[in-house]
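Worksheet: one structure, shown below.
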Amino acid sequence: MQLSVSLLALFVAVVSSAAVPRASSKCYTVHKGYLATFPGDNPSKWIAVGLNKKKQVTYGAGDPRFKVEFQSCPKLPDQKASIDMYEGRIIVSGTNNCLTVTNPNGSEPFFLTIKKCGSNVIPPASQQWEWGNDFGAVVYWVRSQILLAIR
């Protein structure tokens, strides 16, 4: 089943979360992990998120998991490294491919796929994510309440 993010909260299991601010204006990695999700309101019921052959983000389909990195992009607004809050993009580790909303100008449900990353300074809106808020290490897509969190 292709992941519809309007009805799900996504999670990323943290492998590393070392934030190292850089003087550069390019995006840089602040967190790494694996995507997982839970349907509904129970965050203790994890379902692995996978990537199918069409590069669609799926859950419950048995597709292979994939490692991701949240990259802070210093040229985007609201960078607060001292309290672990950033705006940036999510890349598939070791690639130049980003977690992308396929229908960013459409209506819900929104779907996720993996596509070549846009700019590594100011990513396109379909690839912009916000990390951190009052609830802790959560990630939102900039145009909607698509929720990711870090475990």
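When region 16-61 is filtered for residues that are modelled with pLDDT under 90 and open to solvent by 80 Å² or more (accessible area, probe 1.4 Å), the ones remaining, listed by number, are V20, P21, R22, A23, D41, S44, K45, W46.
Conditions tested, residue by residue: (1) buried (at least 20 other Cβ atoms within 10 Å of the Cβ); (2) modelled with pLDDT under 85; (3) of a type in the set (D, E, K, R); (4) over 29 Å from S25 (Cα atoms).
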{"residue": "F70", "(1), (2), (3), (4)": "yes, no, no, no"}
{"residue": "L76", "(1), (2), (3), (4)": "no, no, no, no"}
{"residue": "K116", "(1), (2), (3), (4)": "no, no, yes, no"}
{"residue": "G136", "(1), (2), (3), (4)": "no, yes, no, no"}
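Residue under question is V12, and the condition is that it be out of contact with any Lys or Arg (no Cβ under 6 Å at 6 or more places or on another chain), among the β-branched types (V, I, T), open to solvent by less than 40 Å² (accessible area, probe 1.4 Å) and modelled with pLDDT of 75 or more; does it hold? Criteria not met by V12. The residues of region 63-121 that are under 15 Å from G33 (Cα atoms) and among the basic types (K, R), listed by number, are R65, K67, R89.
Going by the conditions given, is T113 within 15 Å of the chain's Cα centre (by Cα) and part of a loop (DSSP other than H, G, I, E, B)? When the stated conditions are applied, T113 does not pass them.
The values are calculated or read from the model by the stated rules, or taken from the named source; none is laboratory data. Keep in mind it's a predicted model, so treat the numbers as computed, not measured. Quick reminder, even Gly has a Cβ in these numbers, built from the backbone with ideal geometry, and neighbours come from all protein chains shown. Just the protein is used for accessible areas: all its heavy atoms, side chains included, with ligands, DNA and RNA removed. Shrake-Rupley method; radii C 1.70, N 1.55, O 1.52, S 1.80 Å.
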